[in-house]
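To keep things clear, I will list the structure first and then write my remarks on it.
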Amino acid sequence: MFFGRCDLALDADPARRLLPWLVAMIVYLAGLSLAGMMSLASAVERWDTGLKGTVTVQVPPGAFRASGGAMEKLLPLLRKTQGVVAARALSKAETAALLEPWLGEEALGADLPLPRLIDVKVRTDPGPDLKALATALSAVVPGTIVDDHRKSLDRLITFARSVELVAIAIVILVALAAVATMAFITRTGLAIHRDGIELLHLMGAFDGYVARQFQGQALGLGLKGGAIGTALTVVTVAALSHMAGAVGAGLLPRLDLGLTQWLVLAAVPLGVTAIAMITTHVTVLRALKRLP
Amino acid sequence: MVRFQNVGMRYGLGSEVLQDINFELRLGSFHFLSGASGAGKSSLLKLIYLAHRPSHGLITLFDCDVTIAPRRELALIRRRIGVVFQDFRLLDHLSVIENVALPGKIKGENWDTIAGHAAELLAWVGLGDCIDASPLTLSGGQKQRVAIARAVISRPEILLADEPTGNVDDDIAVRLLHLFEELNRLGTTVLIATHNENLMNRFDHPRLHLAGGELSGPFGRPSQHTETA
């Protein structure tokens, strides 16, 4: 139908035929960066929530051997401490299971001296005075360490935030690349169809009429490329999630995304298409301003 | 309707191709614009259909000073002017009827209405059997007739034609001139640039003559509508 058809033969432009694939790549890169960023943010939140309200008391192997009945001395003291909700000594097998992903089954099979751990649940507001608790425990069993995980968690959070910033930078760069690509393709189209554009202009077409021709193309091709890029992102995230699961839950953050995060990923092609349309519109209008 | 006051024009930084042009075309007039090749006929038409800006002077179209008119206003003025370009300027990926209907589409008119008008006009210029053809398959003369149909479909108030009979034989040229006269009778102001002396001699219309970038001739005289030969 003529009224739905573009007055300019934009379909024939070589650069425009590449556009869906360029958009697909842009969407794919942005999608992967966002998926990585969101998984990491979720993992950090899970770690933070999981470790909040827990303290680990560590009794080094030497200290455990030297002071006979260390657990019997430490557990009652812990349970009596204000702010402590519960204290449970981990068996040797449980400790070994925690270390297995890092050391391997064979190393643990040998007579490896392992620290003994006590899992302590504490109130968070107000919590126990950990410094005083550490001093009291060391007095009973010298060498005992109280670890509230804060130091390692803070380092992990700092690292995660840095990765998030890198991901955001990638998304911004990808958006800029989308703008540059669209501006370049549109300028090429304007050069190729200069005569046709001038004809429409001389027939009294408003600038917006000509811009809409290019915009309509950008919308169609952008959505096509966006669908391809999103499909590739979903497949990659699913594959990585599956592989991470196979490696082991303890070593890698889970890659499974929630509904909101999937919605964010679904918005990526729409965002890229919107960028394509706006860039096209602005580029065409700026070029048309040069016509009398 | 069209008034030029001390208008000059140049391309880029080159010398002026038109110098101090002064003339007026009144509503309903019919003029030929004559002059040798390179005399500036096409340049003068470009100034009228707003494809180029003057280097100096004042151009008034439909009582509007186009040198200061806002962009949107200029687009609306262009819609009141029909142009037959020397090089036809047809869009090859559109069919013949779509090319002719294009001005209506730009104005946002209903497709059925403009398609009906376009088909009628194409039949009138002898192309009724190739409305769905691609312009690529047409001869030079056929393309010219499509271009003419496109220029007149919106009943323009001013019709400008740049060598409209350059690619057609004498019979068709006379027929086309009659079409222009018919439009002129309906109130369209017509200005035809041509160097075809024979054709101009066959119709009794005033001439504007361009030579060396300067214009001479009777201005603003109403059309006689008579073929003298």
Checked the range A:208-240 for anything within 14 Å of chain B (Cβ to nearest Cβ) and crowded, with 20+ Cβ neighbours inside 10 Å; matches are A:Val210, A:Ala211, A:Gln213, A:Gln217
Considering only strands (runs of 3 or more DSSP E) wholly within the range B:113-214, the ones with at least 2 residues that are out of contact with any Phe, Trp or Tyr (no Cβ under 9 Å at 6 or more places or on another chain) and not hydroxyl-bearing (Ser, Thr, Tyr) are B:207-211
Of the candidates B:Phe62, B:Phe88, the one satisfying the condition of being within 14 Å of chain A (Cβ to nearest Cβ), more than 18 Å from B:Thr189 (Cα to Cα) and not hydroxyl-bearing (Ser, Thr, Tyr) is B:Phe88
(1) more than 12 Å from chain A (Cβ to nearest Cβ); (2) more than 16 Å from A:Pro292 (Cα to Cα); (3) assigned to a helix (DSSP H, G or I) all hold for B:Leu102 apart from (1)
* Evaluate the range B:89-103: report whether one residue or more is in contact (Cβ under 8 Å) with a residue 60 or more places away in the chain and closer than 20 Å to A:Phe206 by Cβ. => no
Going through the range B:86-99 in order, the residues found to be part of a helix (DSSP H, G or I) and aliphatic (A, V, I, L, M) are B:Val96, B:Ile97
Scanning the range A:150-207 for residues that are out of contact with any helix residue (DSSP H, G or I) (no Cβ under 7 Å at 6 or more places or on another chain), within 14 Å of chain B (Cβ to nearest Cβ) and of a type in the set (A, V, I, L, M), the one surrounded by the fewest Cβ atoms within 10 Å (Cβ to Cβ) turns out to be A:Ile192
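Residues checked against (1) touching a residue at least 12 places away in the same chain (Cβ under 8 Å); (2) touching a strand residue (DSSP E or B) at 6+ places or on another chain (Cβ under 6 Å); (3) in a loop (DSSP other than H, G, I, E, B):
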{"site": "A:Leu40", "(1), (2), (3)": "yes, no, no"}
{"site": "A:Trp47", "(1), (2), (3)": "yes, no, no"}
{"site": "A:Gly50", "(1), (2), (3)": "no, no, no"}
{"site": "A:Thr56", "(1), (2), (3)": "yes, yes, no"}
{"site": "A:Met71", "(1), (2), (3)": "yes, yes, no"}
{"site": "A:Arg79", "(1), (2), (3)": "no, yes, no"}
{"site": "A:Val85", "(1), (2), (3)": "yes, yes, no"}
{"site": "A:Arg88", "(1), (2), (3)": "yes, yes, no"}
{"site": "A:Ala96", "(1), (2), (3)": "yes, no, no"}
Counting only helices (runs of 4 or more DSSP H) entirely within the range A:102-219, those with at least 1 residues that are among the hydroxyl-bearing types (Ser, Thr, Tyr) and modelled with pLDDT under 90 are A:130-140, A:150-192
- Query: Does B:Gly108 qualify as being over 24 Å from A:Ile192 (Cβ atoms) and free of Cβ contacts under 8 Å to residues at least 12 places away in the same chain?
  - Reply: yes
Residue count, the range A:283-292, condition surrounded by fewer than 19 Cβ atoms within 10 Å (Cβ to Cβ) and in contact (Cβ under 8 Å) with a residue 40 or more places away in the chain, comes to 3
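Considering only the range A:275-289, I want to know if a residue exists there that is more than 30 Å from B:Gly104 (Cα to Cα) and more than 14 Å from every other protein chain (Cβ to nearest Cβ).
yes
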Considering the range B:65-85, residues that are more than 7 Å from chain A (Cβ to nearest Cβ) and assigned to a loop (DSSP other than H, G, I, E, B), and then whichever is surrounded by the most Cβ atoms within 10 Å (Cβ to Cβ), we arrive at B:Phe85
From the option list B:Leu183, B:Leu159, single residue qualifying as free of Cβ contacts under 8 Å to residues at least 40 places away in the same chain, of a type in the set (A, V, I, L, M, F, W, C) and within 30 Å of B:Gln5 (Cα to Cα) is B:Leu183
Of the listed residues (B:Leu45, B:Leu50), the one being within 12 Å of another protein chain (Cβ to nearest Cβ), surrounded by 19 or more Cβ atoms within 10 Å (Cβ to Cβ), part of a loop (DSSP other than H, G, I, E, B) and not small (Gly, Ala, Ser) is B:Leu50
Tell me, please, whether a residue that is part of a helix (DSSP H, G or I) and not charged (D, E, K, R) can be found in the range B:19-40.
no
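The values are calculated or read from the model by the stated rules, or taken from the named source; none is laboratory data. Here the structure is a predicted model, which means the values were calculated and not measured. Using ideal geometry, Cβ is built from the backbone for each residue, glycine included, and neighbour counts are taken over all protein chains shown.
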